[in-house]
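Below: one structure, written as structure tokens.
The values are calculated or read from the model by the stated rules, or taken from the named source; none is laboratory data. Given the structure is predicted, the values throughout are model-derived calculations rather than measurements. Counting neighbours? That spans all protein chains shown, and the Cβs are built from the backbone with ideal geometry, glycine included. Please note that ligands, DNA and RNA were not included when accessible areas were found on the heavy atoms of the full protein model with its side chains. Shrake-Rupley method; radii C 1.70, N 1.55, O 1.52, S 1.80 Å.
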Amino acid sequence: MAESDWRLDRIGSAHHGLNPTVLRRLDTGFAVIGDRQFLPGYSVLLTDDPAVTRLSDLPRPRRAAYLCDLERLAEAVERACARLDPAFRRVNIEILGNTDPYLHAHIWPRYDWEPDDRVRLPVWLYEEECWRGERHALAPRHDALRAAIGEELDRLGAARAPA
């Protein structure tokens, strides 16, 4: 698999170490930072099995484990974003699956600096430029944020490891 086509197979490229958005490998999938950072810290939990298309495809123990990983990533994003931006408000968590067919969950940080006409609405109503333009593309300027989320994932994982 060539590095240039990692977006065509996000899960396969993560398994092969070629997906540059991977923050950490978790028990049931991959914690990744989003390609778009108009809300800094936006992250996604990808399943590690592309054949899994919905949460209910997983056996109940694996389903619970996926939700545990989701909660861990959401808390890591919350902690990192709160530490880096005093205007951080909360995170929104969504499992949609309308575009990409594999199970994945979105973690959206929300901020007090968001425009009044957007802050209380779903992120999907943000203008097209946020989704397609280069201004909000993941870039080296997000490295400190990536590192902060990764560090929080590590802390939360260590805190939950059996003694």
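Summing -39500 (n - 2.57) over the DSSP H runs of n ≥ 4 in the chain and dividing by its residue number, what mean residue ellipticity at 222 nm do you reach, to the nearest 500 deg cm²/dmol?
-10500 deg cm²/dmol
Convex hull over the alpha-carbon atoms of the range 10-163: what's its volume per residue in Å³?
About 121 Å³ per residue, rounded to a whole number.
Convert each backbone phi in the range 130-146 into a coupling constant with the Karplus relation 6.51 cos²θ - 1.76 cosθ + 1.60 (shift: θ = phi - 60°), then list the ³J(HN,Hα) values in order as whole Hz, x for Gly and Pro.
5, 8, 10, x, 6, 4, 10, 5, 4, 8, x, 5, 9, 4, 5, 5, 4
List the chymotrypsin sites (Phe, Trp or Tyr not before Pro) in the range 1-88 that DSSP assigns to loop (not H, G, I, E or B) and whose Cβ has at most 10 other Cβ atoms within 10 Å. Which are they?
Answer in residue order: no site qualifies.
With every protein chain kept in place and ligands, DNA and RNA left out, what is the accessible area per residue of the chain? Probe 1.4 Å, answer in Å².
54 Å²
Considering only protein heavy atoms, with the full assembly of protein chains and a 1.4 angstrom probe, order Leu8, Leu121, Leu58 by accessible area, largest first.
Details: Leu8 155, Leu121 70, Leu58 15 Å².
Reading off the accessible areas and sorting them downward yields Leu8, Leu121, Leu58.
Whole-Hz ³J(HN,Hα) for each residue in the range 25-31, computed from phi via Karplus 6.51 cos²θ - 1.76 cosθ + 1.60 with θ = phi - 60°, x for glycine and proline: what do you get?
These are the phi-based 3J(HN,Hα) values: 8, 10, 4, 10, x, 10, 7 Hz.
Among Leu67, Leu84, Leu55, flag the residue with its Cα farthest along the positive direction of the charge dipole of the range 1-120, charges on Cβ as +1 for Lys/Arg and -1 for Asp/Glu.
Of the candidates, Leu67 comes out farthest on the positive side.
Find, among the chymotrypsin sites (Phe, Trp or Tyr not before Pro) in the range 99-163, those assigned to loop by DSSP (not H, G, I, E, B) with at most 15 other beta-carbon atoms within 10 angstrom.
Answer in residue order: Trp113.
Under 5 Å between amide hydrogens, which residues at least 5 positions from Arg24 or on another chain qualify, with H placed 1.01 Å from N in the peptide plane?
Ala31
Looking only at trypsin sites (Lys or Arg not before Pro) in DSSP loops with at most 14 other Cβ atoms within 10 Å, what is the longest site-free stretch of the chain?
55-119
In µm²/s, what is D for the range 95-163 at 20 °C and 1.002 mPa s, where D = kT/(6 pi eta Rh) by Stokes-Einstein and Rh is the Kirkwood radius from Cα pairs?
Here the translational diffusion coefficient equals 140 µm²/s.
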